[in-house]
1. Take the stretch 128-152 and flag every residue that is at pLDDT 95 or above and not in a strand (DSSP E or B).
2. Considering 148, 125, which residue is in contact with a helix residue (DSSP H, G or I) (Cβ under 8 Å, 6 or more places away or on another chain) and either assigned by TED's automatic domain parsing to the domain that holds residue 208 or surrounded by fewer than 17 Cβ atoms within 10 Å (Cβ to Cβ) (or both)?
3. Are there any pairs, at least 6 apart or on different chains, whose C-beta atoms fall under 6 Å, with the first in the stretch 194-214 and under 16 Å from residue 129 (Cα atoms) and the second at pLDDT 90 or above and among the basic types (Lys, Arg), and if so, which?
4. Residue check: is residue 103 touching an Asp or Glu at 6+ places or on another chain (Cβ under 6 Å) and either among the small types (Gly, Ala, Ser) or modelled with pLDDT of 85 or more (or both)?
5. Within the stretch 155-168, track down each residue that is part of a strand (DSSP E or B) and surrounded by fewer than 16 Cβ atoms within 10 Å (Cβ to Cβ).
6. Which of the residues that make up the stretch 225-261 are surrounded by 13 or more Cβ atoms within 10 Å (Cβ to Cβ), in contact with an Asp or Glu (Cβ under 8 Å, 6 or more places away or on another chain) and part of a helix (DSSP H, G or I)?
Amino acid sequence: MTAVRRIAFPLRLAWVRLARRGERVLLVAFGIGAGAALLAAVLAGSLVAQDRSVERATTRVPAEDRTVRLTWGGIASGPGTDVAELDRTSRGALAPLVRSPTRAMLFRTSESNGHLFDLGAIDGLARYVHVRTGRLPRPCHADHCEVLQLGGAGPIPPIPGLRLVRVGLATLDSPVPFGNLITRETYASVLSSALLYHTAATPPLLLANGVDGLARIAVFVPTYRSYTWAAPLRPEAVHPWTIEPFARRVTEIRSWLQSRS
């Protein structure tokens, strides 16, 4: 394997899909983006110079293109589907790779009273949104859930057994929490850095503050959802001599997750 490939390898999309009862686990090491070209430029010079160049080059790679991500998808019923258990397992799996991943969730596009809507949540929501009007929502309870609306159009439909209350309008400051769980078209309307015109109409995207409260609302138990844990790799954590061990560790973690399915 050439030096260029050794450096580029962690920026390839590393993924595994594990199927059991419709569940899905997806471990993403990095998106290739422009990262491979940036990191290939560090091959010349001494090891110290390479190390500094790797850190600088990694800093220039957008956070979403150097994000380590683990995603689970399924219905919240049956053994191994409790959100707290999934959280412990996922954080344990990611601990050798990144620090303090952010947890988020997103339900499959839902319909109520003839209207479509997307509903999700992020832990520490304030870090990832820019509130344009209104205020941040409080955490959800069993029969009451406050949300921000991020783009999309259409009414917030009534949901049997749940009072869903919009308390503000906001934009998403970063694609890191959700990654590819949200479509490119939706990102075009909800990201604060995006142009908000010439985009296709999408259902309203509603975000709650905190995964635990939303995940346990009874009316959504039979609804397919995805949980994701994500954190950008810190530039100072990348060194020329740790790239191959990092890639091996990703492979080991993928195998470990597969053995648990």
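The values are calculated or read from the model by the stated rules, or taken from the named source; none is laboratory data. Note that the structure is predicted; figures quoted are calculated from it, not measured. Positions of Cβ are backbone-derived with ideal geometry, glycine not excepted, and every protein chain shown enters the neighbour counts.
1. Listed by number, the residues that qualify are 135, 136, 137, 138, 139, 140.
2. Numbers: 125 fails: in contact with a helix residue (DSSP H, G or I) (Cβ under 8 Å, 6 or more places away or on another chain).
Exactly one of 148, 125 is in contact with a helix residue (DSSP H, G or I) (Cβ under 8 Å, 6 or more places away or on another chain) and either assigned by TED's automatic domain parsing to the domain that holds residue 208 or surrounded by fewer than 17 Cβ atoms within 10 Å (Cβ to Cβ) (or both), namely 148.
3. 211/103
4. On the way: touching an Asp or Glu at 6+ places or on another chain (Cβ under 6 Å): yes; either among the small types (Gly, Ala, Ser) or modelled with pLDDT of 85 or more (or both): yes.
Answer is yes for this residue.
5. Once the filter is applied, which keeps residues that are part of a strand (DSSP E or B) and surrounded by fewer than 16 Cβ atoms within 10 Å (Cβ to Cβ), the stretch 155-168 yields 163, 165, 166.
6. 235
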